[in-house]
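The values are calculated or read from the model by the stated rules, or taken from the named source; none is laboratory data. Keep in mind the model is a prediction, meaning the values are calculated, not measured. Virtual Cβ from ideal backbone geometry, glycine too; neighbours counted across all protein chains shown. SASA here: full protein model, heavy atoms, side chains in, ligands and nucleic acids out. Shrake-Rupley method; radii C 1.70, N 1.55, O 1.52, S 1.80 Å.
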Amino acid sequence: VLDLACGTGTMTWLLTDRGYELIGVDGSEEMLAAAMEKSGQVEGIPPIFLHQSMPQLDLYGTVDAAVCSLDGMNYIPAEELPELFHRLHLFIRPEGLLIFDIRAPEFLRALDGDIFVDEKEDVLCLWRADFDEELSAIVYGMDIFSRVGRLWERGSEEHIEYAHEPQALKQLLEAAGFTDVQLRRDCPQGDAGRMFIVATRNEE
């Protein structure tokens with residue numbers, strides 16, 4: 001099973017613990033380093049971790065299925081999706097599954113102007129969500145304050161999640177050769193704007 005945008009490997013190791021053989025792919029070296037530190041915590045064949053961007057996916061062979069969780073697909077600009085789906089079709093075996101979740105466009109638009117706070121003993125994170133209509137994306141501006149001794153150090157990050165229309169995703173998947181594309185809202189956090197897309201790689 002391919003875990004696309006695996007991050008720190010939480011899903012990768014959960015599936016490994018259930019007996020699947022995993023390949024984890026992510027574009028962040030820091031995330032992959034954290035994922036590899038979790039080795040030895042579960043039974044099963046250790047995952048293979050690859051440092052690759054999603055649109056440049058290049059595996060050594062085929063997989064039985066691919067998953068992409070926790071909004072991973074929302075981080076891909078719309079213009080890069082056709083190449084990504086083409087590569088997934090190339091590396092998923094015939095009749096294999098592609099399963100991923102997204103935050104629905106209406107959910108992302110509803111976040112416009114919201115401010116969030118996440119506070120722990122040594123870290124304070126503040127971020128604001130602004131929807132950019134030109135990008136069709138929600139832009140999170142984040143300020144992170146970390147305790148360093150008696151002082152606090154400030155860092156900043158920007159994250160962008162693109163609003164992908166479900167029907168447009170279905171059309172792109174079908175154009176890439178996937179069939180039986182299902183758009184599912186009866187899923188965990190379905191009432192919180194999350195939906196799942198399940199597609200089958202055709203037999204050709």
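A viscosity of 1.567 mPa s and a temperature of 4 °C, combined with the Kirkwood radius over C-alpha pairs in the Stokes-Einstein formula, give the range 1-120 a diffusion coefficient of 84 µm²/s. Per residue, the accessible area of the chain comes to 57 Å² when a 1.4 Å probe rolls over the protein heavy atoms. Of the GluC sites (Glu not before Pro) found in the range 47-152, those in coil by DSSP whose Cβ has at most 10 other Cβ atoms within 10 Å are Glu121, Glu133, Glu134.
Give the percent of DSSP beta bridges with both residues in the chain that are antiparallel, rounded to the nearest 5. Rounded to the nearest five, the antiparallel share is 75 percent. Considering only Glu161, Glu21, Glu37, the mean-square fluctuation computed in a Gaussian network model of the chain, springs between alpha carbons under 10 angstrom, is largest for Glu37.
In terms of Cα atoms, the Rg and Dmax of the chain work out to 18.1, 63 Å. For the range 97-204, the Kirkwood radius over C-alpha pairs fed into Stokes-Einstein at 37 °C and 0.692 mPa s yields D = 203 µm² per second.
Taking all protein chains together and rolling a 1.4 Å probe, Thr179 ends up with roughly 60 Å² accessible. Rolling a 1.4 Å probe over the protein heavy atoms of the chain, with every protein chain left in place, gives an accessible area that is 51 percent carbon and sulfur.
Using only Cα coordinates, the Kirkwood hydrodynamic radius of the range 17-67 works out to 12.0 Å.
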